[in-house]
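To start, the structure under review is shown below, and the notes come after it.
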Amino acid sequence: MNKIISSKEAANLIKNGSRIMVGGFGLVGSPLTIIEEITKTNVNQLEIISNNLGEPGKGLGVLVQMKKVKKAIGSYFTSNPDVVKAYQRGELEVELLPQGTFSEAIRAGGTGIGGFYTPVGAGTELAAAKEERVIDNKHYLFQPPLKADFALIKACKADELGNLTYSKSARNFNPLMASSAEIVIAEVEEIVKAGELSPEEIVTPHLFVDYLVLKGGGR
């Protein structure tokens with residue numbers, strides 16, 4: 001199976017109402033080529049699981065401006081004023097998770113764990129509507145796992161099979177998200193022949209990756 005597709009083909013896989021994990025911390029490690037292509041489609045009502053929703057007019061921020069995002073789950077949305085305004089206007093539903101909880105919930109989704117208890121957020125507004133339990137005289141909140149229909153991730157290099165390597169902090173949430181979605185699409189800087197990557201540098205094995213998109217949009 002040839003895993004290499006264009007950014008347009010990748011964007012066309014996304015459907016109305018899809019739940020999508022998107023890698024990145026700010027714009028670092030975010031699959032900007034694929035996101036840009038999604039802005040050209042007619043999809044809407046998207047549910048985005050990402051640390052943040054880009055920046056004004058950049059990355060996922062464009063999807064927010066175009067009102068294509070129905071709900072966002074993540075940790076740090078205030079870096080984009082457009083997200084705050086959309087929420088205040090009632091155009092966007094937001095579910096805030098502490099960053100460690102967010103990361104662990106994605107990992108739980110990928111490993112088949114049915115959720116976990118965490119003390120983070122207990123006694124705050126983040127505890128609203130969540131199951132609470134006292135363990136060793138300490139209050140804990142139950143956090144379900146996070147899974148998605150698609151994961152759009154960014155890697156540094158891939159081989160033709162789909163094995164991935166990452167560059168420094170651009171790695172962030174990408175490997176976790178690669179394990180927690182039904183369909184994983186990786187945007188990469190470079191694609192090399194199978195066997196050219198050292199096993200020691202591979203972070204995400206090819207079995208987790210369904211499609212590869214070369215940065216810039218081409219095959």
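The values are calculated or read from the model by the stated rules, or taken from the named source; none is laboratory data. Only a predicted model underlies this, so the values are computations on that prediction, with no experimental measurement involved. Every residue, glycine among them, receives a Cβ derived from its backbone with ideal geometry; neighbour counts consider all protein chains shown. Note: areas computed on protein heavy atoms with side chains; ligands, DNA, RNA excluded. Shrake-Rupley method; radii C 1.70, N 1.55, O 1.52, S 1.80 Å.
Only residues that are part of a loop (DSSP other than H, G, I, E, B) and under 17 Å from M177 (Cβ atoms) were counted across region 54-64, and they come to 2. Summed over region 115-143, residues that are under 23 Å from the mean Cα position of the chain (by Cα), open to solvent by 60 Å² or more (accessible area, probe 1.4 Å) and modelled with pLDDT of 95 or more total 2.
Please pick out the residue among K8, K67, K71 that is part of a loop (DSSP other than H, G, I, E, B) and open to solvent by 20 Å² or more (accessible area, probe 1.4 Å). Give the derivation first.
On the way: K8 fails: part of a loop (DSSP other than H, G, I, E, B); K71 fails: part of a loop (DSSP other than H, G, I, E, B).
The conditions single out K67.
Between N42, N51, the distinction of being open to solvent by less than 10 Å² (accessible area, probe 1.4 Å) and either of a type in the set (S, T, N, Q) or part of a loop (DSSP other than H, G, I, E, B) (or both) belongs to N51 only.
Which count do you get for residues in region 20-48 that are closer than 16 Å to N80 by Cβ and touching a residue at least 60 places away in the same chain (Cβ under 8 Å)?
Taking region 20-48 as the starting set, the residues that turn out to be closer than 16 Å to N80 by Cβ are 22, 24-28, 30, 32, 35, 39, 46, 48.
Now narrow it down to the ones that are touching a residue at least 60 places away in the same chain (Cβ under 8 Å): 22, 24-25, 28, 30, 32, 35.
Adding up the residues that qualify gives 7.
Out of the residues in region 74-88 that are part of a helix (DSSP H, G or I) and of a type outside the set (V, I, T), state the one that is surrounded by the fewest Cβ atoms within 10 Å (Cβ to Cβ). Filtering first and then ranking leaves Q88.
Starting from region 150-163, keep only residues that are closer than 16 Å to I183 by Cβ, then list their pairs with residues that are basic (K, R) and surrounded by fewer than 24 Cβ atoms within 10 Å (Cβ to Cβ) whose Cβ atoms are within a distance under 6 Å, requiring at least 6 positions of separation or different chains. Close Cβ pairs (under 6 Å, with a partner that is basic (K, R) and surrounded by fewer than 24 Cβ atoms within 10 Å (Cβ to Cβ)) amount to G162/K3.
In region 11-38, the qualifying residues are those that are open to solvent by 60 Å² or more (accessible area, probe 1.4 Å) and part of a loop (DSSP other than H, G, I, E, B), and the one that is nearest to A186 (Cα to Cα) is K15. Among strands (runs of 3 or more DSSP E) entirely within region 99-168, having at least 2 residues that are in contact with a helix residue (DSSP H, G or I) (Cβ under 7 Å, 6 or more places away or on another chain) singles out 116-118, 138-143, 148-159. Residues of region 164-202 that are open to solvent by 50 Å² or more (accessible area, probe 1.4 Å), on the phi < 0 side of the Ramachandran plot and not basic (K, R): S167, S169, E182, I183, E189, E190, A194, E196, P199, E200, E201.
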